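Student: There's a structure below that I have some questions on.
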Amino acid sequence: MTKNNALLKLSDNVKLNKNNDAVTAEMVQTKDYYQKAILAEFAAFIPMRAVIYEMDSRLVSHAIYFSKYRDASKVYFFESNAAKLRDARNDATRNKFPQIECLKPDWSRDRFVRVEKGKSVQADMIAPHVIHATARVLEAGVLEWLTKQLQEVKPILWLETDSANFAEIALLLEKTQYQLRQQNGNNAVYTFQEAAPEPVEDHEIEEKILERLDTYKRQIERMKQEYDEELALIQAKQDKKVIVLEEKYRAIEETWVQQGKEQTEKVRQHQQTTNEAKQLVQQMSDALNAERAVNTDLNKHIFSLLEDEKPVLLTMKKRDAQQAKEIKSLKKENATLTRKLSQMTEKYDRLNSTKVIRMMRKYWKLKKSQRLRNET
């Protein structure tokens, strides 16, 4: 789908693709439906709940207007270009108008195709109450198909009168007993009008009346058939929705039952865990109380022993204090002796290194060597 920033928002919050054409250009300026004044004027000729054929692929805004403000039961929208058809379908889906059906037409073969799940399927369309065709469409080779619709269905026509072939179309309208009902510029509404009957005999009048009644009866039967088909389609959709809802309800009910069972099992497990935890707490409490009693007895015994040994401990404490003082005194005396020893050592080293002591050593050494020679 087109991104929101590339959408055209109309006055009633309808959001459309911004196509590169004159129709979109006008809507960008007015921020409203294309030809809104003409739409409002011609709305009187469009019955409520009508089936409408919008033949110009540029006028997706018309299709949405018919659906929203004339409550069209079905709007068929025709486009041969796949990309434009996809954009139109996206516009209808985005604005939630399922009654708009986008079809790819083959006017010459009277064949129309819609896309379902990526596949092309021939559409079985409902006969129209209203056909809207612009000059662009009327010049595109649809006259044979349009003639068939005028002869068989006789829908209301909204046509643009400025097409190059409108003279031919005017002859077709005259031939099929269509008369102009409303015109605004180059837009005009035509409806089928039967010719006035010629004077005839009573039995001929009766035949005409019966023939007219038969015609009305066929039209009523056709409308009834269309209504029944539409009703059957709606009923089928409703049945499908009911089946889907019933399946969803059953699935939800089964889910609830399963969740109820799981919740019951969880509650049972929680209760079991709670009971086990309570038992464990009780056991721990009993063990703690027993240990506390043992500790109390042990503390009493320790206090009793301490009470008995207290005099001895006090005496030992006094002795420790006295010994600490003696050790401190000895350390002080030791430091003094160490200092004196250091001083004496230093003095000895100095004395030992004097010249007199060196001469004395030489003398003693010489004297010792003489004595050894004499003894030899």
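Student: Determine which member of the set Q151, Q219 is modelled with pLDDT of 75 or more and under 30 Å from T134 (Cα atoms).
Tutor: Checking each option against the conditions leaves just Q151.
Student: Looking only at segment 15-33, count how many residues are charged (D, E, K, R) and out of contact with any helix residue (DSSP H, G or I) (no Cβ under 7 Å at 6 or more places or on another chain).
Tutor: 4
Student: Filtering segment 87-114 down to residues that are out of contact with any strand residue (DSSP E or B) (no Cβ under 8 Å at 6 or more places or on another chain) and not aromatic (F, W, Y), which residue is farthest from Y227 (Cα to Cα)?
Tutor: My answer is S108.
Student: Please indicate, with yes or no, whether at least one residue in segment 155-172 is over 27 Å from Q225 (Cα atoms), surrounded by 19 or more Cβ atoms within 10 Å (Cβ to Cβ), in contact with an Asp or Glu (Cβ under 6 Å, 6 or more places away or on another chain) and at pLDDT below 95.
Tutor: Among the residues of segment 155-172, at least one is over 27 Å from Q225 (Cα atoms), surrounded by 19 or more Cβ atoms within 10 Å (Cβ to Cβ), in contact with an Asp or Glu (Cβ under 6 Å, 6 or more places away or on another chain) and at pLDDT below 95, which makes the answer yes.
Student: Between R212, R268, which is more than 30 Å from A40 (Cβ to Cβ), at pLDDT 85 or above and more than 37 Å from the chain's Cα centre (by Cα)?
Tutor: Selected residue: R268, the only one of R212, R268 that is more than 30 Å from A40 (Cβ to Cβ), at pLDDT 85 or above and more than 37 Å from the chain's Cα centre (by Cα).
Student: Considering each of F66, F77, F45 in turn, give the residue that is within 20 Å of L157 (Cα to Cα) and surrounded by fewer than 17 Cβ atoms within 10 Å (Cβ to Cβ).
Tutor: Just one listed residue meets the conditions, F45.
The values are calculated or read from the model by the stated rules, or taken from the named source; none is laboratory data. Keep in mind it's a predicted model, so treat the numbers as computed, not measured. All Cβ positions, glycine included, derive from the backbone under ideal geometry; neighbour counts span all protein chains shown.
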